[in-house]
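K.L.:
So that we are looking at the same thing, I have put the structure below in structure tokens.
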Amino acid sequence: MARSELLLEIIDEPDLFGGLKRVCAGFSVRHAVYHLAQNVKLQIDLPFIRTTYPAEWLGRYLIRNYYMIDPVVERGFGSAEPFLWSDLPRDTEERRAFFADAEAHGVGNCGYTVPIIDKSGRRAAFSVTDQDDPQRWAARIAAIDESLRELALVFHGKALAELYRGENVPSLSPREIQCLYWTTQGKDAGTISDILELSEHTVRDYLKSARLKLGCATIAQAVYEATRLRLINP
């Protein structure tokens, strides 16, 4: 099948999980993963995940709190540039054990992740994995990199549609999101201005613009609405 035809098949697949399975089949990779999270402070909160990983590995990952040491999560939600997993640090015994455990439970020894940052400040990551020679894997990824970057955005759109079911989500700036987040932590405009190194007047302007974009009469309503829409996680 031509690459363009494969992309169209995946794009036309209405189900996000179904699309991930098509990626695995079409690009001959073992697994595909889409992961969305709120992280105003680069925290991985309220995750929305669709993956072809084995259920046993997902349960083990959660039980062992691997998200606390997972370098893929750390860079995937802290960087804007795609990366090969072979470039991730294995500088501690804990991390080396994590990668070995993942391979033993079917994840594969190679991976590639495309980070996503949308206009509303939401962060997500799209990854593919396989069991392969690292150099051969790097060459395979180079050949399909453009397609994977395109699909990352496609899956992000599908995830938002699934989460919000067509609801029009306002586009808040990163500063607006930060100001709302710190408001949920009980901080007033003066304290937020110190935290973000902005003037108090500027903080109040960000809060006002966020409130208006969300169609709310008060900041309390705006905080509730932003939380409901998963723009912030208090």
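K.L.:
In segment 117-131, how many are at pLDDT below 95, open to solvent by 20 Å² or more (accessible area, probe 1.4 Å) and either outside any strand (DSSP E or B) or over 16 Å from Ala37 (Cβ atoms) (or both)?
P.N.:
3
K.L.:
Kindly list, by first and then second residue, each pair from a residue in segment 9-35 that is open to solvent by 70 Å² or more (accessible area, probe 1.4 Å) to a residue that is in a helix (DSSP H, G or I) and of a type in the set (Val, Ile, Thr), limited to pairs with Cβ atoms under 9 Å and residues at least 6 apart or on different chains.
P.N.:
Close Cβ pairs satisfying both conditions: Arg22/Ile10.
K.L.:
Could you go through segment 44-67 and let me know if any residue there is of a type in the set (Val, Ile, Thr), more than 30 Å from Thr184 (Cα to Cα) and touching a residue at least 24 places away in the same chain (Cβ under 8 Å). Spell out how you get there, then give the answer.
P.N.:
Filtering segment 44-67 down to residues of a type in the set (Val, Ile, Thr) leaves 44, 49, 51-52, 63.
From what's left, more than 30 Å from Thr184 (Cα to Cα): 51-52.
With touching a residue at least 24 places away in the same chain (Cβ under 8 Å) added as a condition, the list becomes 51-52.
So far as segment 44-67 goes, yes, one or more of its residues are of a type in the set (Val, Ile, Thr), more than 30 Å from Thr184 (Cα to Cα) and touching a residue at least 24 places away in the same chain (Cβ under 8 Å).
K.L.:
Look through segment 165-189, keep the residues that are of a type outside the set (Val, Ile, Thr) and open to solvent by less than 20 Å² (accessible area, probe 1.4 Å), and return whichever of them is nearest to Asn233 (Cα to Cα). Lay out the reasoning, then the answer.
P.N.:
To start, the set of residues in segment 165-189 that are of a type outside the set (Val, Ile, Thr) comprises 165-168, 170-176, 178-182, 185-189.
Checking the rest, the ones that are also open to solvent by less than 20 Å² (accessible area, probe 1.4 Å) come to 172, 176, 179-181, 189.
Working: Leu172: 14, Glu176: 14, Cys179: 12, Leu180: 10, Tyr181: 7, Ala189: 19 Å.
Checking each candidate, the answer is Tyr181.
K.L.:
Given the structure, is Gly111 part of a strand (DSSP E or B) and among the small types (Gly, Ala, Ser)?
P.N.:
Details: part of a strand (DSSP E or B): yes; among the small types (Gly, Ala, Ser): yes.
Spelling it out, Gly111 is indeed part of a strand (DSSP E or B) and among the small types (Gly, Ala, Ser).
K.L.:
Restricting to segment 36-51, name every residue that is open to solvent by less than 30 Å² (accessible area, probe 1.4 Å) and modelled with pLDDT of 90 or more.
P.N.:
Start the filter on segment 36-51 by keeping residues that are open to solvent by less than 30 Å² (accessible area, probe 1.4 Å), which leaves 36-39, 48, 51.
Residue satisfying the conditions is Thr51 alone.
K.L.:
Can you say whether Glu197 is out of contact with any Phe, Trp or Tyr (no Cβ under 7 Å at 6 or more places or on another chain), in contact (Cβ under 8 Å) with a residue 40 or more places away in the chain and open to solvent by 40 Å² or more (accessible area, probe 1.4 Å), as far as the supplied structure shows? Let's see the steps before the verdict.
P.N.:
Working: out of contact with any Phe, Trp or Tyr (no Cβ under 7 Å at 6 or more places or on another chain): yes; in contact (Cβ under 8 Å) with a residue 40 or more places away in the chain: no; open to solvent by 40 Å² or more (accessible area, probe 1.4 Å): yes.
Here the answer is no, as Glu197 does not meet what is asked.
K.L.:
Taking the condition of being aliphatic (A, V, I, L, M) and open to solvent by 20 Å² or more (accessible area, probe 1.4 Å), how many residues in segment 215-234 meet it?
P.N.:
We begin by selecting, within segment 215-234, every residue aliphatic (A, V, I, L, M); these are 217, 219-220, 222-223, 226, 229, 231-232.
Subsequent filtering for residues that are open to solvent by 20 Å² or more (accessible area, probe 1.4 Å) retains 217, 219-220, 223.
Within segment 215-234, residues that are aliphatic (A, V, I, L, M) and open to solvent by 20 Å² or more (accessible area, probe 1.4 Å) number 4.
K.L.:
Going residue by residue through segment 132-147, is there one that turns out to be surrounded by 19 or more Cβ atoms within 10 Å (Cβ to Cβ), in contact (Cβ under 8 Å) with a residue 40 or more places away in the chain and within 30 Å of Val223 (Cβ to Cβ)?
P.N.:
No; the residues of segment 132-147 include none that is surrounded by 19 or more Cβ atoms within 10 Å (Cβ to Cβ), in contact (Cβ under 8 Å) with a residue 40 or more places away in the chain and within 30 Å of Val223 (Cβ to Cβ).
K.L.:
Take the residues of segment 160-217 that are of a type in the set (Ser, Thr, Tyr) and within 26 Å of the chain's Cα centre (by Cα): which is nearest to Ile49 (Cα to Cα)?
P.N.:
Quick first cut of segment 160-217, residues of a type in the set (Ser, Thr, Tyr) only: 164, 171, 173, 181, 183-184, 191, 193, 199, 202, 206, 209.
This time we only want the ones that are within 26 Å of the chain's Cα centre (by Cα), so: 164, 171, 173, 181, 183-184, 206, 209.
Working: Tyr164: 15, Ser171: 22, Ser173: 24, Tyr181: 23, Thr183: 28, Thr184: 25, Tyr206: 31, Ser209: 31 Å.
Step by step, filter segment 160-217, then rank; the result is Tyr164.
K.L.:
Where the second residue is buried (at least 18 other Cβ atoms within 10 Å of the Cβ) and among the polar types (S, T, N, Q) and the first is over 12 Å from Arg60 (Cβ atoms) and free of Cβ contacts under 8 Å to residues at least 40 places away in the same chain and lies in segment 88-112, which pairs have Cβ atoms under 7 Å and are six or more apart or on separate chains?
P.N.:
Taking only residues 6 or more apart or on different chains, the pairs are Glu103/Asn109; Cys110/Thr129; Gly111/Ser127; Gly111/Thr129; Tyr112/Ser127.
The values are calculated or read from the model by the stated rules, or taken from the named source; none is laboratory data. These numbers come from a predicted model, not from an experiment. With ideal geometry, Cβ positions are generated from the backbone for all residues, glycine too; neighbour counts draw on all protein chains shown. Side chains included, ligands, DNA and RNA excluded: accessible areas come from the protein's heavy atoms. Shrake-Rupley method; radii C 1.70, N 1.55, O 1.52, S 1.80 Å.
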